[in-house]
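Please read the structure below before turning to the comments.
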Amino acid sequence: MQHEYDKFWILKREEYPAIWKEAKLLLMAFPTSYLVERGFSTVMVLLTKYRNRLDITGRGDLRLFLTKMEPDIRNPTALHQAHPSH
């Protein structure tokens, strides 16, 4: 029965559009606040005592850290030829 309320409101959104307008704000509040809290937590790690031990290249960009995407820096750089200095 857990999380069935979201499915209910998605099915009833056309039948009760005024109530759906308010209900969707409540249904979207948790995932959005979760992502914000996760972002704050990540920034706090960067700003605390751990900042001098950061491995920026190993951990990746903050935006990628908040997603499940894996950065692939080697593939795009392999496509470009290095230019020697003049």
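The values are calculated or read from the model by the stated rules, or taken from the named source; none is laboratory data. Every value quoted in this text rests on a predicted model; they were computed, and no experiment measured them.
Every residue in the range 11-29 that is modelled with pLDDT of 80 or more and assigned to a helix (DSSP H, G or I), please.
Answer for the range 11-29, where residues must be modelled with pLDDT of 80 or more and assigned to a helix (DSSP H, G or I): 11, 12, 17, 18, 19, 20, 21, 22.
Do the conditions hold for residue 75, that is, is it in a helix (DSSP H, G or I) and modelled with pLDDT under 65?
Taking the combined requirement at face value, the residue does not satisfy it.
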